[in-house]
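Structure, as structure tokens:
The values are calculated or read from the model by the stated rules, or taken from the named source; none is laboratory data. Note that the coordinates shown come from a computational prediction; the quantities given were computed from them, not determined experimentally. Neighbour counts are summed over all protein chains in view; Cβ atoms, including those assigned to glycine, are modelled from backbone coordinates with ideal geometry.
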């Protein structure tokens, strides 16, 4: 409701010559219909408290497969709640974990080098040595000299 102050001109009952001005509040109501196209409307909800494989890509941009591989990796420090096939992790803790990984790439590469050194020591104790494989960028690519589904000749 909108209150408007206005001056109202009144005509005296006896004639048209004399006009009297009175100050009295006038009230007016205005209604309007506003059409907003759906593509012009953006509704933003609060981010969820927990991340799962169903909402992790929408919230963080990380694909569901990468999320699942990350939380299943040995040494993942955060608690994971399992509800059937659904895996839940606290959103704030997971984002903090990712930021910590991004800040310490040198310590991560040092840890990977330590792991390779330990593996080489175990292999050396068994009388074996590690063999370097060239990476092809595909996880399912066979080694260079492997034959594909053929038996050796008799």
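The helices (runs of 4 or more DSSP H) found wholly in the range 40-116 and carrying at least 1 residues that are without any contact (Cβ under 8 Å) to a residue 40 or more places away in the chain and touching a strand residue (DSSP E or B) at 6+ places or on another chain (Cβ under 8 Å) occupy 56-60, 64-72.
When you look at residue 70, is it under 23 Å from residue 115 (Cβ atoms), surrounded by 13 or more Cβ atoms within 10 Å (Cβ to Cβ) and either over 12 Å from the mean Cα position of the chain (by Cα) or modelled with pLDDT of 90 or more (or both), yes or no? So residue 70 fits the description; yes.
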